[in-house]
Amino acid sequence: MESKKFSPEEPDWDKFLEQLNSDSQLEGQFSPVESTQFNELKRLVAETADALSVYDKLDCEGSWNTCMDKARERNLVEEVASNRFWSVKLFMRYAAAVIFLTLTIGGYFLIKTKFGQVVEDSVIAGGIEPGGSKARLTLSNGDTMVLDADEKGIRIDDKGISYESGGAVSSFSQEVTYATLSVPRAGQYQLVLPDGSKVWLNSESELTYPVSFKGTLRVVHLKGEGFFDVQHMVDRPFVVKSKGQDIEVLGTAFNVSAYENDGAVTTTLVRGRVQIGATGVDERFLLKPGMQALVRNGHVHVKTGVNVEEYTAWKDGVIVLEKQNIREVLKQIERWYDVEFVVGKTDLPMETMSGEVSNKLPIDVLLKGIEGQLNIKFEQNGRRFMIKN
Amino acid sequence: MGNEYSEQVVDEEEIGSLFRMYYAVFCVQALRVVHDVDIAKDLVQDFFINYWERRKQGMGRPEQFKHYGMRAVRNLGIDYCRRLEVKERKKEVFSNVDPAYNPVGEQEEEASYYDRLQRIFELLEELPEGQRKILKLHALDKMSYLQIAHAQGVSINTVRTQLSRAYSSLRKSASGLLLLALLTYI
(Lines give C-alpha, C1' and ligand atoms only; values in the text may rest on other atoms or scores of the structure.)
Protein backbone atom coordinates (compact mmCIF):
# COMPACT_ATOMS: atom_id res chain seq x y z
CA MET A 1 0.00 0.00 0.00
CA GLU A 2 1.48 3.28 -1.09
CA SER A 3 0.40 5.91 1.38
CA LYS A 4 3.44 7.99 0.66
CA LYS A 5 2.80 11.70 0.96
CA PHE A 6 4.22 14.09 -1.56
CA SER A 7 7.57 14.65 0.02
CA PRO A 8 10.56 16.41 -1.46
CA GLU A 9 12.60 13.26 -1.12
CA GLU A 10 16.20 13.47 -2.16
CA PRO A 11 17.00 11.51 -5.29
CA ASP A 12 20.18 9.51 -5.46
CA TRP A 13 22.12 12.37 -7.00
CA ASP A 14 25.29 10.50 -7.45
CA LYS A 15 23.81 7.67 -9.40
CA PHE A 16 21.82 9.98 -11.65
CA LEU A 17 24.45 12.58 -12.25
CA GLU A 18 27.11 10.12 -13.17
CA GLN A 19 24.69 8.32 -15.44
CA LEU A 20 23.87 11.54 -17.22
CA ASN A 21 27.21 12.10 -18.87
CA SER A 22 28.32 8.53 -19.35
CA ASP A 23 27.49 5.79 -21.80
CA SER A 24 26.57 3.11 -19.30
CA GLN A 25 23.16 1.51 -19.51
CA LEU A 26 21.95 1.97 -15.96
CA GLU A 27 18.87 3.82 -17.09
CA GLY A 28 17.03 0.67 -18.06
CA GLN A 29 17.32 -0.60 -14.51
CA PHE A 30 15.62 2.35 -12.80
CA SER A 31 12.47 1.79 -10.78
CA PRO A 32 9.42 3.85 -11.85
CA VAL A 33 10.06 6.36 -9.05
CA GLU A 34 13.67 6.62 -10.07
CA SER A 35 12.74 7.12 -13.70
CA THR A 36 10.50 10.05 -12.80
CA GLN A 37 13.23 11.57 -10.69
CA PHE A 38 15.79 10.98 -13.39
CA ASN A 39 13.64 12.70 -16.00
CA GLU A 40 13.03 15.59 -13.67
CA LEU A 41 16.75 15.85 -13.12
CA LYS A 42 17.45 15.72 -16.84
CA ARG A 43 15.19 18.69 -17.34
CA LEU A 44 16.83 20.51 -14.46
CA VAL A 45 20.26 19.91 -15.94
CA ALA A 46 19.08 21.04 -19.37
CA GLU A 47 17.62 24.22 -17.91
CA THR A 48 20.73 24.84 -15.86
CA ALA A 49 22.70 24.48 -19.08
CA ASP A 50 20.35 27.03 -20.72
CA ALA A 51 21.07 29.50 -17.94
CA LEU A 52 24.81 28.80 -17.87
CA SER A 53 25.12 29.25 -21.62
CA VAL A 54 24.49 32.97 -21.18
CA TYR A 55 25.40 33.50 -17.55
CA ASP A 56 28.96 34.78 -18.00
CA LYS A 57 28.10 36.93 -20.99
CA LEU A 58 24.98 38.62 -19.67
CA ASP A 59 26.50 41.88 -18.40
CA CYS A 60 23.13 43.28 -17.46
CA GLU A 61 24.29 46.83 -16.71
CA GLY A 62 26.33 47.10 -19.89
CA SER A 63 23.43 45.80 -21.89
CA TRP A 64 21.10 48.28 -20.22
CA ASN A 65 23.47 51.09 -21.18
CA THR A 66 23.36 49.95 -24.80
CA CYS A 67 19.60 49.80 -24.52
CA MET A 68 19.57 53.38 -23.20
CA ASP A 69 21.70 54.46 -26.16
CA LYS A 70 19.15 52.95 -28.50
CA ALA A 71 16.40 54.69 -26.54
CA ARG A 72 18.14 58.05 -26.91
CA GLU A 73 18.53 57.52 -30.64
CA ARG A 74 14.80 57.13 -30.84
CA ASN A 75 14.12 60.09 -28.57
CA LEU A 76 12.50 58.00 -25.88
CA VAL A 77 14.47 59.54 -23.04
CA GLU A 78 13.33 62.94 -21.90
CA GLU A 79 15.94 64.40 -19.60
CA VAL A 80 19.41 63.75 -20.86
CA ALA A 81 21.00 66.25 -18.51
CA SER A 82 19.63 64.69 -15.35
CA ASN A 83 22.73 62.66 -14.57
CA ARG A 84 25.03 65.60 -14.20
CA PHE A 85 22.45 67.42 -12.12
CA TRP A 86 22.24 64.55 -9.68
CA SER A 87 25.94 64.15 -9.17
CA VAL A 88 26.32 67.80 -8.20
CA LYS A 89 23.35 67.49 -5.95
CA LEU A 90 24.77 64.37 -4.36
CA PHE A 91 28.03 66.11 -3.61
CA MET A 92 26.15 69.02 -2.04
CA ARG A 93 24.24 66.59 0.10
CA TYR A 94 27.36 64.99 1.46
CA ALA A 95 28.97 68.34 2.09
CA ALA A 96 25.86 69.47 3.90
CA ALA A 97 25.82 66.25 5.92
CA VAL A 98 29.15 66.99 7.46
CA ILE A 99 28.26 70.57 8.30
CA PHE A 100 24.88 69.71 9.69
CA LEU A 101 26.09 66.88 11.86
CA THR A 102 28.75 69.10 13.36
CA LEU A 103 26.29 71.90 13.96
CA THR A 104 23.57 69.77 15.45
CA ILE A 105 25.65 67.63 17.69
CA GLY A 106 27.95 70.49 18.62
CA GLY A 107 24.95 72.71 19.17
CA TYR A 108 23.18 70.16 21.27
CA PHE A 109 26.09 69.65 23.60
CA LEU A 110 26.59 73.38 23.86
CA ILE A 111 23.01 73.91 24.87
CA LYS A 112 23.08 70.90 27.11
CA THR A 113 26.14 71.92 29.06
CA LYS A 114 25.46 75.64 29.29
CA PHE A 115 21.71 75.75 29.53
CA GLY A 116 20.91 72.07 30.01
CA GLN A 117 18.33 72.65 32.67
CA VAL A 118 16.61 75.37 30.70
CA VAL A 119 16.24 73.21 27.66
CA GLU A 120 14.85 70.27 29.63
CA ASP A 121 12.34 72.54 31.30
CA SER A 122 11.17 74.14 28.12
CA VAL A 123 10.65 70.74 26.55
CA ILE A 124 8.57 69.53 29.43
CA ALA A 125 6.69 72.81 29.47
CA GLY A 126 5.88 72.28 25.82
CA GLY A 127 4.64 68.82 26.78
CA ILE A 128 6.41 67.29 23.79
CA GLU A 129 8.69 64.41 24.50
CA PRO A 130 10.31 62.02 22.08
CA GLY A 131 8.50 58.73 21.61
CA GLY A 132 9.35 55.50 23.41
CA SER A 133 8.29 51.87 23.80
CA LYS A 134 4.53 51.86 23.52
CA ALA A 135 2.14 49.24 22.22
CA ARG A 136 -1.17 47.52 22.75
CA LEU A 137 -1.79 43.84 22.17
CA THR A 138 -5.20 42.55 21.11
CA LEU A 139 -5.97 38.83 21.00
CA SER A 140 -8.56 37.18 18.81
CA ASN A 141 -10.67 36.32 21.89
CA GLY A 142 -11.13 40.02 22.52
CA ASP A 143 -8.58 40.42 25.31
CA THR A 144 -6.58 43.58 25.03
CA MET A 145 -3.64 44.78 27.10
CA VAL A 146 -1.32 47.76 27.20
CA LEU A 147 2.28 46.63 27.10
CA ASP A 148 4.95 47.75 29.54
CA ALA A 149 6.77 50.88 28.42
CA ASP A 150 9.93 49.76 30.21
CA GLU A 151 10.15 46.73 27.97
CA LYS A 152 11.31 46.91 24.39
CA GLY A 153 9.53 43.94 22.94
CA ILE A 154 7.54 40.76 23.29
CA ARG A 155 7.94 37.19 22.17
CA ILE A 156 5.27 34.68 21.20
CA ASP A 157 5.59 30.94 21.44
CA ASP A 158 3.27 28.03 22.08
CA LYS A 159 3.34 28.67 25.82
CA GLY A 160 2.10 32.20 25.48
CA ILE A 161 3.32 35.74 25.27
CA SER A 162 6.22 37.02 27.30
CA TYR A 163 8.43 40.09 27.40
CA GLU A 164 11.89 39.88 25.89
CA SER A 165 13.22 40.09 29.42
CA GLY A 166 11.27 36.97 30.39
CA GLY A 167 8.25 38.32 32.27
CA ALA A 168 4.94 36.74 31.25
CA VAL A 169 2.32 38.83 29.47
CA SER A 170 -0.41 36.31 28.82
CA SER A 171 -0.91 32.61 28.38
CA PHE A 172 -3.13 31.35 25.61
CA SER A 173 -6.55 29.86 25.90
CA GLN A 174 -7.97 27.66 23.15
CA GLU A 175 -9.79 30.36 21.26
CA VAL A 176 -6.78 32.58 20.68
CA THR A 177 -5.63 32.15 17.09
CA TYR A 178 -4.58 35.63 16.07
CA ALA A 179 -2.98 38.57 17.79
CA THR A 180 -2.57 42.19 16.77
CA LEU A 181 0.22 44.39 18.03
CA SER A 182 -0.64 48.07 17.60
CA VAL A 183 1.89 50.81 18.11
CA PRO A 184 0.50 54.36 18.55
CA ARG A 185 2.07 57.64 17.49
CA ALA A 186 5.25 58.34 19.41
CA GLY A 187 5.83 54.63 19.92
CA GLN A 188 7.91 51.73 18.66
CA TYR A 189 7.91 48.09 19.72
CA GLN A 190 9.63 44.82 18.92
CA LEU A 191 8.16 41.41 18.47
CA VAL A 192 9.52 37.90 18.03
CA LEU A 193 7.13 35.69 16.07
CA PRO A 194 6.55 32.00 16.82
CA ASP A 195 9.03 30.98 14.09
CA GLY A 196 11.77 33.16 15.58
CA SER A 197 11.44 35.94 12.99
CA LYS A 198 11.91 39.42 14.42
CA VAL A 199 9.76 42.42 13.66
CA TRP A 200 10.34 46.05 14.64
CA LEU A 201 7.17 48.13 14.42
CA ASN A 202 7.40 51.87 13.91
CA SER A 203 4.99 54.55 15.15
CA GLU A 204 1.34 54.32 14.07
CA SER A 205 1.71 50.78 12.84
CA GLU A 206 -0.01 47.48 13.32
CA LEU A 207 0.93 43.85 12.75
CA THR A 208 -1.60 41.01 12.76
CA TYR A 209 -0.21 37.48 12.94
CA PRO A 210 -1.25 33.96 13.94
CA VAL A 211 -0.07 32.85 17.39
CA SER A 212 1.34 29.76 15.75
CA PHE A 213 2.16 29.31 12.09
CA LYS A 214 0.21 26.45 10.57
CA GLY A 215 0.23 25.30 6.96
CA THR A 216 2.87 25.98 4.39
CA LEU A 217 2.86 29.76 4.36
CA ARG A 218 3.72 32.11 7.19
CA VAL A 219 1.40 35.05 6.58
CA VAL A 220 1.28 38.34 8.52
CA HIS A 221 -0.55 41.60 7.80
CA LEU A 222 1.11 44.98 8.19
CA LYS A 223 -0.24 48.51 8.40
CA GLY A 224 2.29 51.31 8.67
CA GLU A 225 6.00 50.61 8.87
CA GLY A 226 7.90 47.53 9.99
CA PHE A 227 11.36 46.07 9.72
CA PHE A 228 11.44 42.30 9.27
CA ASP A 229 14.29 39.92 9.98
CA VAL A 230 12.82 36.66 8.77
CA GLN A 231 13.96 33.24 9.93
CA HIS A 232 14.95 31.12 6.95
CA MET A 233 12.74 28.11 6.25
CA VAL A 234 13.22 26.55 2.83
CA ASP A 235 9.74 25.12 2.43
CA ARG A 236 7.67 27.73 4.27
CA PRO A 237 7.70 31.13 2.60
CA PHE A 238 6.99 34.15 4.75
CA VAL A 239 4.43 36.54 3.31
CA VAL A 240 3.86 40.14 4.36
CA LYS A 241 0.59 41.54 3.11
CA SER A 242 0.16 45.28 3.23
CA LYS A 243 -1.74 48.02 1.46
CA GLY A 244 -1.80 47.08 -2.21
CA GLN A 245 1.10 44.65 -2.22
CA ASP A 246 2.31 41.20 -1.17
CA ILE A 247 5.89 40.31 -0.37
CA GLU A 248 7.10 36.75 -0.37
CA VAL A 249 10.40 35.73 1.17
CA LEU A 250 12.23 32.69 2.46
CA GLY A 251 14.71 34.21 4.90
CA THR A 252 15.86 37.78 4.68
CA ALA A 253 15.79 41.27 6.21
CA PHE A 254 13.83 44.17 4.80
CA ASN A 255 11.85 47.29 5.66
CA VAL A 256 8.27 47.94 4.57
CA SER A 257 6.62 51.33 4.85
CA ALA A 258 2.93 51.12 4.06
CA TYR A 259 1.18 54.03 5.77
CA GLU A 260 -2.41 54.67 4.78
CA ASN A 261 -1.78 58.34 4.07
CA ASP A 262 1.34 57.80 1.98
CA GLY A 263 0.77 57.38 -1.72
CA ALA A 264 3.21 54.56 -2.21
CA VAL A 265 4.33 51.48 -0.33
CA THR A 266 8.10 51.31 -0.05
CA THR A 267 10.01 48.06 0.45
CA THR A 268 13.76 48.19 1.01
CA LEU A 269 15.87 45.06 1.01
CA VAL A 270 18.82 44.70 3.36
CA ARG A 271 19.76 41.05 2.98
CA GLY A 272 18.59 37.96 1.06
CA ARG A 273 15.94 38.04 -1.66
CA VAL A 274 12.32 39.01 -1.74
CA GLN A 275 9.64 38.70 -4.37
CA ILE A 276 7.25 41.55 -4.52
CA GLY A 277 4.07 42.17 -6.43
CA ALA A 278 1.07 44.46 -6.44
CA THR A 279 -2.03 42.79 -4.98
CA GLY A 280 -4.05 41.00 -7.64
CA VAL A 281 -1.41 41.40 -10.34
CA ASP A 282 0.54 38.38 -11.46
CA GLU A 283 3.75 40.24 -12.20
CA ARG A 284 6.44 39.61 -9.57
CA PHE A 285 9.66 41.53 -9.03
CA LEU A 286 12.74 40.15 -7.43
CA LEU A 287 14.60 42.46 -5.08
CA LYS A 288 18.23 42.00 -4.18
CA PRO A 289 20.08 43.78 -1.37
CA GLY A 290 20.23 47.53 -1.87
CA MET A 291 17.15 47.53 -4.07
CA GLN A 292 13.89 49.22 -3.27
CA ALA A 293 10.42 48.74 -4.66
CA LEU A 294 7.79 51.46 -4.74
CA VAL A 295 4.27 50.21 -5.28
CA ARG A 296 1.71 52.81 -6.26
CA ASN A 297 -1.70 52.09 -7.82
CA GLY A 298 -0.75 48.56 -8.71
CA HIS A 299 2.39 49.84 -10.37
CA VAL A 300 5.83 48.62 -9.28
CA HIS A 301 8.97 50.73 -9.59
CA VAL A 302 12.33 49.30 -8.68
CA LYS A 303 15.34 51.39 -7.69
CA THR A 304 18.85 50.05 -7.34
CA GLY A 305 21.75 51.26 -5.25
CA VAL A 306 19.61 52.59 -2.41
CA ASN A 307 21.34 53.58 0.80
CA VAL A 308 19.56 51.01 2.93
CA GLU A 309 20.57 52.66 6.21
CA GLU A 310 18.35 55.64 5.51
CA TYR A 311 15.28 53.47 5.55
CA THR A 312 16.06 51.18 8.45
CA ALA A 313 17.82 53.48 10.90
CA TRP A 314 14.58 54.22 12.73
CA LYS A 315 14.67 50.83 14.39
CA ASP A 316 18.01 51.72 15.97
CA GLY A 317 16.69 54.99 17.34
CA VAL A 318 18.08 57.22 14.64
CA ILE A 319 16.25 59.84 12.63
CA VAL A 320 17.79 60.16 9.19
CA LEU A 321 17.37 63.52 7.57
CA GLU A 322 18.87 62.37 4.33
CA LYS A 323 15.71 61.84 2.35
CA GLN A 324 14.71 63.08 -1.05
CA ASN A 325 12.08 65.25 0.44
CA ILE A 326 11.64 67.42 3.52
CA ARG A 327 8.05 66.19 3.69
CA GLU A 328 9.25 62.65 4.34
CA VAL A 329 11.35 63.83 7.26
CA LEU A 330 8.50 65.89 8.67
CA LYS A 331 6.14 62.92 8.51
CA GLN A 332 8.63 60.86 10.44
CA ILE A 333 8.97 63.56 13.11
CA GLU A 334 5.19 63.93 13.32
CA ARG A 335 4.82 60.25 14.08
CA TRP A 336 7.65 59.99 16.57
CA TYR A 337 6.97 63.15 18.58
CA ASP A 338 3.20 63.06 18.02
CA VAL A 339 3.13 66.58 16.63
CA GLU A 340 1.68 68.15 13.53
CA PHE A 341 3.27 70.41 10.97
CA VAL A 342 1.12 72.89 9.11
CA VAL A 343 2.66 73.94 5.86
CA GLY A 344 -0.05 76.42 4.82
CA LYS A 345 0.99 78.50 1.86
CA THR A 346 4.68 78.24 2.64
CA ASP A 347 6.90 76.94 -0.12
CA LEU A 348 8.87 74.08 1.32
CA PRO A 349 12.47 74.31 0.15
CA MET A 350 13.41 71.86 -2.55
CA GLU A 351 16.93 71.17 -1.37
CA THR A 352 17.42 68.07 0.70
CA MET A 353 18.84 67.80 4.18
CA SER A 354 21.56 65.54 5.36
CA GLY A 355 22.88 63.88 8.46
CA GLU A 356 21.31 61.81 11.17
CA VAL A 357 20.39 62.43 14.79
CA SER A 358 19.29 60.42 17.78
CA ASN A 359 15.56 60.08 18.24
CA LYS A 360 16.02 61.02 21.90
CA LEU A 361 16.81 64.57 20.88
CA PRO A 362 14.44 67.19 22.31
CA ILE A 363 12.20 68.36 19.50
CA ASP A 364 13.23 72.00 19.70
CA VAL A 365 16.88 71.13 19.20
CA LEU A 366 15.97 68.99 16.22
CA LEU A 367 13.79 71.70 14.70
CA LYS A 368 16.49 74.36 15.28
CA GLY A 369 18.86 72.26 13.25
CA ILE A 370 16.36 71.93 10.42
CA GLU A 371 15.59 75.67 10.53
CA GLY A 372 19.27 76.43 10.18
CA GLN A 373 19.71 74.14 7.25
CA LEU A 374 16.64 74.97 5.25
CA ASN A 375 16.00 78.61 6.01
CA ILE A 376 12.53 78.11 7.37
CA LYS A 377 10.96 78.85 10.77
CA PHE A 378 8.78 76.66 12.95
CA GLU A 379 6.14 78.50 15.01
CA GLN A 380 4.91 76.39 17.88
CA ASN A 381 1.34 76.33 19.07
CA GLY A 382 0.89 73.41 21.47
CA ARG A 383 1.58 70.30 19.39
CA ARG A 384 1.17 72.15 16.13
CA PHE A 385 4.00 73.81 14.29
CA MET A 386 3.35 76.36 11.57
CA ILE A 387 6.10 76.42 8.98
CA LYS A 388 7.07 79.92 7.81
CA ASN A 389 9.66 81.13 5.36
CA MET B 1 -7.32 45.39 -12.53
CA GLY B 2 -4.75 45.13 -15.28
CA ASN B 3 -6.32 47.76 -17.47
CA GLU B 4 -7.15 50.31 -14.84
CA TYR B 5 -3.85 52.10 -14.77
CA SER B 6 -4.75 55.67 -15.43
CA GLU B 7 -1.25 57.03 -15.40
CA GLN B 8 0.46 56.11 -18.62
CA VAL B 9 3.73 57.82 -17.93
CA VAL B 10 6.51 55.52 -18.82
CA ASP B 11 10.05 56.45 -18.01
CA GLU B 12 13.60 55.29 -17.80
CA GLU B 13 13.12 54.12 -14.23
CA GLU B 14 10.19 51.88 -15.06
CA ILE B 15 11.76 50.35 -18.14
CA GLY B 16 15.05 49.99 -16.28
CA SER B 17 13.48 48.04 -13.46
CA LEU B 18 11.69 45.74 -15.87
CA PHE B 19 14.93 45.30 -17.78
CA ARG B 20 16.89 44.25 -14.71
CA MET B 21 14.19 41.82 -13.61
CA TYR B 22 13.57 40.06 -16.87
CA TYR B 23 16.79 40.46 -18.83
CA ALA B 24 18.50 37.17 -18.00
CA VAL B 25 15.64 34.81 -18.78
CA PHE B 26 14.61 36.77 -21.86
CA CYS B 27 18.16 36.37 -23.16
CA VAL B 28 17.88 32.62 -22.76
CA GLN B 29 14.52 32.71 -24.49
CA ALA B 30 15.99 34.57 -27.47
CA LEU B 31 19.04 32.34 -27.48
CA ARG B 32 16.87 29.28 -27.87
CA VAL B 33 15.82 30.64 -31.24
CA VAL B 34 18.87 32.45 -32.58
CA HIS B 35 21.72 30.41 -31.02
CA ASP B 36 24.04 33.37 -30.62
CA VAL B 37 24.43 35.21 -27.33
CA ASP B 38 25.24 38.63 -28.78
CA ILE B 39 22.30 38.53 -31.15
CA ALA B 40 20.10 37.34 -28.31
CA LYS B 41 21.15 40.28 -26.13
CA ASP B 42 20.57 42.63 -29.01
CA LEU B 43 17.08 41.29 -29.56
CA VAL B 44 16.20 41.61 -25.89
CA GLN B 45 17.30 45.25 -25.97
CA ASP B 46 15.15 45.73 -29.06
CA PHE B 47 12.22 44.17 -27.28
CA PHE B 48 12.49 46.70 -24.46
CA ILE B 49 12.84 49.57 -26.91
CA ASN B 50 9.73 48.43 -28.80
CA TYR B 51 7.86 48.07 -25.54
CA TRP B 52 8.93 51.52 -24.44
CA GLU B 53 7.84 53.02 -27.76
CA ARG B 54 4.49 51.30 -27.73
CA ARG B 55 3.81 52.35 -24.18
CA LYS B 56 4.59 55.93 -25.15
CA GLN B 57 2.14 55.63 -27.98
CA GLY B 58 -0.54 54.78 -25.45
CA MET B 59 -0.48 51.00 -25.21
CA GLY B 60 -1.60 49.80 -21.77
CA ARG B 61 0.53 47.66 -19.52
CA PRO B 62 0.17 43.99 -20.46
CA GLU B 63 -1.72 41.93 -17.94
CA GLN B 64 1.24 39.64 -17.48
CA PHE B 65 4.55 41.07 -18.52
CA LYS B 66 6.18 37.66 -18.23
CA HIS B 67 3.87 36.09 -20.83
CA TYR B 68 3.99 39.12 -23.02
CA GLY B 69 7.77 39.35 -22.97
CA MET B 70 8.50 35.67 -23.42
CA ARG B 71 6.26 35.56 -26.48
CA ALA B 72 7.47 38.84 -27.96
CA VAL B 73 11.14 37.94 -27.50
CA ARG B 74 10.60 34.59 -29.16
CA ASN B 75 8.81 36.22 -32.06
CA LEU B 76 11.64 38.71 -32.47
CA GLY B 77 13.99 35.76 -32.68
CA ILE B 78 11.87 34.05 -35.29
CA ASP B 79 11.62 37.25 -37.32
CA TYR B 80 15.35 37.64 -37.11
CA CYS B 81 15.95 34.15 -38.46
CA ARG B 82 13.50 34.75 -41.25
CA ARG B 83 15.15 37.97 -42.24
CA LEU B 84 18.50 36.35 -42.41
CA GLU B 85 17.08 33.43 -44.30
CA VAL B 86 19.42 31.14 -42.53
CA LYS B 87 19.89 27.55 -43.47
CA GLU B 88 17.22 26.05 -45.67
CA ARG B 89 16.12 23.53 -43.11
CA LYS B 90 15.52 26.14 -40.46
CA LYS B 91 13.63 28.29 -42.87
CA GLU B 92 11.27 25.44 -43.52
CA VAL B 93 10.67 24.88 -39.86
CA PHE B 94 10.03 28.51 -39.15
CA SER B 95 7.74 29.09 -42.09
CA ASN B 96 5.40 26.63 -40.45
CA VAL B 97 5.30 28.63 -37.25
CA ASP B 98 2.86 31.46 -37.06
CA PRO B 99 4.40 33.85 -34.52
CA ALA B 100 1.02 35.08 -33.35
CA TYR B 101 -0.23 31.57 -32.77
CA ASN B 102 0.22 30.72 -29.12
CA PRO B 103 -2.17 28.28 -27.52
CA VAL B 104 -2.84 28.62 -23.82
CA GLY B 105 -0.95 25.46 -22.92
CA GLU B 106 2.16 26.74 -24.55
CA GLN B 107 1.78 30.07 -22.80
CA GLU B 108 1.62 28.35 -19.45
CA GLU B 109 4.58 26.18 -20.26
CA GLU B 110 6.49 29.31 -21.21
CA ALA B 111 5.56 31.04 -17.97
CA SER B 112 6.61 28.14 -15.80
CA TYR B 113 9.81 27.83 -17.81
CA TYR B 114 10.36 31.49 -17.04
CA ASP B 115 9.86 30.89 -13.30
CA ARG B 116 12.22 27.95 -13.18
CA LEU B 117 14.94 29.75 -15.11
CA GLN B 118 14.58 32.83 -12.94
CA ARG B 119 15.20 30.70 -9.87
CA ILE B 120 18.15 28.97 -11.44
CA PHE B 121 19.72 32.37 -12.18
CA GLU B 122 19.19 33.43 -8.59
CA LEU B 123 20.96 30.35 -7.33
CA LEU B 124 23.80 30.59 -9.82
CA GLU B 125 24.50 34.01 -8.45
CA GLU B 126 24.85 32.64 -4.95
CA LEU B 127 27.23 29.84 -5.92
CA PRO B 128 30.96 30.44 -5.44
CA GLU B 129 32.89 30.81 -8.70
CA GLY B 130 34.54 27.37 -8.46
CA GLN B 131 31.29 25.52 -7.93
CA ARG B 132 29.67 27.35 -10.80
CA LYS B 133 32.54 26.33 -13.03
CA ILE B 134 32.13 22.66 -12.11
CA LEU B 135 28.42 22.91 -12.71
CA LYS B 136 29.08 24.42 -16.11
CA LEU B 137 31.48 21.66 -17.11
CA HIS B 138 28.88 19.11 -16.16
CA ALA B 139 25.66 20.66 -17.42
CA LEU B 140 26.86 22.53 -20.46
CA ASP B 141 30.04 20.77 -21.54
CA LYS B 142 28.69 17.33 -20.65
CA MET B 143 31.91 16.19 -19.03
CA SER B 144 32.14 13.10 -16.85
CA TYR B 145 33.21 13.32 -13.21
CA LEU B 146 36.69 12.17 -14.14
CA GLN B 147 37.09 14.74 -16.89
CA ILE B 148 35.86 17.52 -14.61
CA ALA B 149 38.24 16.41 -11.87
CA HIS B 150 41.14 16.58 -14.34
CA ALA B 151 40.08 19.89 -15.80
CA GLN B 152 39.73 21.54 -12.40
CA GLY B 153 42.55 19.78 -10.63
CA VAL B 154 40.33 18.51 -7.82
CA SER B 155 39.43 15.05 -6.60
CA ILE B 156 36.50 13.11 -8.00
CA ASN B 157 34.97 13.21 -4.56
CA THR B 158 34.99 17.00 -4.57
CA VAL B 159 33.27 17.01 -7.94
CA ARG B 160 30.76 14.51 -6.64
CA THR B 161 29.80 16.40 -3.49
CA GLN B 162 29.77 19.82 -5.11
CA LEU B 163 27.61 18.70 -8.00
CA SER B 164 25.06 16.90 -5.91
CA ARG B 165 24.92 19.83 -3.52
CA ALA B 166 24.42 22.33 -6.33
CA TYR B 167 21.71 20.32 -8.08
CA SER B 168 20.02 19.55 -4.82
CA SER B 169 19.58 23.23 -4.02
CA LEU B 170 18.68 24.05 -7.61
CA ARG B 171 16.02 21.40 -7.48
CA LYS B 172 14.67 22.55 -4.14
CA SER B 173 14.46 26.09 -5.30
CA ALA B 174 13.11 25.34 -8.75
CA SER B 175 10.42 23.03 -7.50
CA GLY B 176 9.78 24.88 -4.26
CA LEU B 177 6.72 26.74 -5.43
CA LEU B 178 5.27 23.75 -7.20
CA LEU B 179 5.73 21.63 -4.10
CA LEU B 180 4.04 24.24 -2.00
CA ALA B 181 1.12 24.45 -4.35
CA LEU B 182 0.74 20.67 -4.23
CA LEU B 183 1.01 20.49 -0.46
CA THR B 184 -1.57 23.20 -0.01
CA TYR B 185 -3.83 21.43 -2.44
CA ILE B 186 -3.59 18.09 -0.65
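Taken across both chains, chains A and B shield about 6800 Å² of accessible surface from a 1.4 Å probe.
Applying a threshold of 30 Å to the alpha-carbon distances of A:K241/A:K331; A:K315/B:K66; B:K66/B:K136; A:K159/A:K360; A:K159/A:K315 flags A:K315/B:K66; A:K159/A:K360 as lying beyond it.
The relative contact order of the stretch A:218-315 comes to 22 percent, based on Cα pairs under 8 Å that sit 6 or more residues apart. Over the stretch A:130-214, accessible surface divided per residue gives 45 Å², non-protein components excluded, 1.4 Å probe.
Residues B:R171, A:R296, B:R160 ordered from highest to lowest accessible area at a 1.4 Å probe: A:R296, B:R160, B:R171. For A:G187, the residues whose amide H sits under 5 Å from its own are A:G132, A:S203, A:E204, ignoring neighbours fewer than 5 places away on the same chain, with H placed 1.01 Å from N. Summarising the amide proton neighbourhood of A:Y178: residues at separation of 5 or more, or on other chains, whose placed amide H is nearer than 5 Å comprise A:S140, A:V211. Estimated at the nearest 10 Å², the accessible area of A:T312 is 10 Å² with a 1.4 Å probe. Each 5 Å bin from zero up to the one holding the largest Cα-Cα distance in the stretch A:279-389 carries the following percent of pairs: 2, 10, 19, 20, 16, 12, 11, 6, 3, 1. When only alpha carbons are used to place a centre, the stretch A:162-178 and the stretch A:182-240 end up 16 Å from one another.
3J(HN,Hα) couplings calculated from phi for the stretch A:373-383 with the Karplus curve 6.51 cos²θ - 1.76 cosθ + 1.60 (θ = phi - 60°) are, in sequence order, 7, 10, 6, 10, 10, 9, 10, 7, 9, x, 9 Hz; Gly and Pro show x. In this structure, the amide hydrogen of A:V318, modeled 1.01 Å from its nitrogen in the peptide plane, lies closer than 5 angstrom to those of A:N359, counting only residues at least 5 positions away or on a different chain.
Computed over protein heavy atoms with a 1.4 angstrom probe, the accessible surface ordering of B:E122, A:E164, largest first, is A:E164, B:E122.
A:M386 exposes around 70 Å² of accessible area when a 1.4 Å probe is run over every protein chain in place.
Charges were assigned to the Cβ only: +1 to each Lys and Arg, -1 to each Asp and Glu. The resulting dipole of the stretch A:130-214 about its Cα centre is roughly 140 debye. Restricting the calculation to Cα atoms, the stretch A:130-214 yields a radius of gyration followed by a Dmax of 11.8, 39 Å. Accessible surface comparison of A:D148, B:D46, probe 1.4 Å, protein chains only, largest first: the order is A:D148, B:D46.
The values are calculated or read from the model by the stated rules, or taken from the named source; none is laboratory data. Everything numeric here is computed off the predicted structure, so don't read it as measured data. Every residue, glycine as well, gets a Cβ built from its backbone with ideal geometry; the counts of neighbours run over all protein chains shown. Surface areas here come from the heavy atoms of the whole protein model, side chains and all, with no ligands, DNA or RNA. Shrake-Rupley method; radii C 1.70, N 1.55, O 1.52, S 1.80 Å.
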